[in-house]
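Nothing in this text is a laboratory measurement; each read-out follows from the coordinates by a stated rule. This is a predicted model, so every value here is computed, not measured. When we count neighbours, we look across all protein chains shown, and the Cβ atoms used for this are built from the backbone with ideal geometry, even at glycine.
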Amino acid sequence: MWKTLKQIGSVGIVTEPPPLASDELRVREHLQAQILATLGRALCIRQVDAGSCNGCELEINALNNAFYNIEGLGIRFVASPRHADLLLVTGPVSRHMEVALKRTYDATPDPKLVVAVGDCGATGGIFGCSYASAGAVANVIPVNVAVPGCPPSPNRILAGILTAITPATPPRL
């Protein structure tokens, strides 16, 4: 060890110079500014399981880990729909959850957004409409964005959330 320390002392630490800062990589600051400009505060999400298999919930929970760090972007989950700006709904809406989902939607203050997550939430999936299922979330409440996938990756779910809060740009002619 002394030999290594002696060599470091005589030669010095040889490394490459650090790269220059780039404004293109400041995604977090850009998103926080956009969320603040749109809502005036952090985006609050209420997640509702309307009858899913919990595959989408696992991917939604991954958004809170250190890798995706959704809270660092100014987006957080809340326990009450009265504090929410956006409802994140998973699963085909079972008949037992139909009234509860409508009440949750009504309890969310205006303006509110709804993101249907997964193939089941977006289209009803393999369950469709039946005596036990109302099918897609859009059959029960208005949906702003549908994120397909079974289950969609955390990146796709985050892209769906950001799509919902980003104002639509008119197509170029």
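Calculate one ³J(HN,Hα) per residue across the stretch 6-12 by plugging θ = phi - 60° into the Karplus curve 6.51 cos²θ - 1.76 cosθ + 1.60, and present them in order as whole Hz with x for glycine and proline.
With the stated coefficients, the stretch 6-12 comes to 5, 5, 4, x, 7, 8, x Hz.
Compute the FRET efficiency between V78 and A33 as 1/(1 + (r/R0)^6), taking r as their Cβ-Cβ distance and R0 = 25 Å, and round to the nearest 0.05.
Once the sixth-power term is evaluated, E becomes 0.70.
Would you grab the residues whose amide H sits under 5 Å from the one on A134? Only those 5+ places off in sequence or on another chain, please, with H modelled 1.01 Å from N.
Close amide H contacts, sequence-distant or interchain: V93, S94, R95.
If you build the Cα gyration tensor of the stretch 29-165 and take the root of 5 times each eigenvalue, what three semi-axes come out, in whole angstrom, biggest first?
24, 17, 12
What's the ranking of 73-80, 105-112, 133-140, 89-96 by average number of surrounding C-beta atoms within 10 Å, highest first?
Top to bottom by mean Cβ count within 10 Å: 89-96, 133-140, 73-80, 105-112.
Sequence-distant or interchain residues sharing an amide H contact under 5 Å with L113, placed H: which?
L86, L87
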